[in-house]
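Please treat every number below as a calculation from the coordinates, not as lab data. Note that the structure is a prediction, hence the values are computed from the model and not measured. In this analysis, Cβ positions are derived from the backbone assuming ideal geometry, glycine residues included, and neighbour counts consider all displayed protein chains.
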Amino acid sequence: MTTLELKNSFHQLIDSIENENLLRKFYELMLRKRSIKDGALWAKLSQDEVEELLLANDESNDTKNLIPNEEMKKKYSKWL
C-alpha cells in the first residue's frame, strides 16, 4: 500500500467512526505518536536490555523455540 493509499484509507476509517470518545482517544494517541522520534525508546534502554532484546529476537527466529498458540492459550486460559 502506498503512502497516498494509506492516507486515503486512514481518512475513510476516521470518517466512518461515529463514537466521539473513540475519536478523541485516537486523536490523542496519534498526537503522542507523532511527537515520538524513531528510535527514542531504543535509546532509553540499558546495554543489558538491548542485549536481552536482541537475544530474544534471535531465539524467536529458531522454530524449535516456538510454542504453538493453542498450547499457550491452554496454559494461560485463566487470564484470557
Practice item. Collect the residues in region 21-80 that are part of a helix (DSSP H, G or I), among the hydroxyl-bearing types (Ser, Thr, Tyr) and more than 27 Å from HIS11 (Cα to Cα), keeping them in residue-number order. Key: SER60, THR63, SER77
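Provide a single number: the residues in region 3-23 that are surrounded by 10 or more Cβ atoms within 10 Å (Cβ to Cβ) and not basic (Lys, Arg).
Filtering region 3-23 for residues surrounded by 10 or more Cβ atoms within 10 Å (Cβ to Cβ) gives 6-11, 13-14, 17, 22-23.
With not basic (Lys, Arg) added as a condition, the list becomes 6, 8-11, 13-14, 17, 22-23.
Matching residues across region 3-23 total 10.
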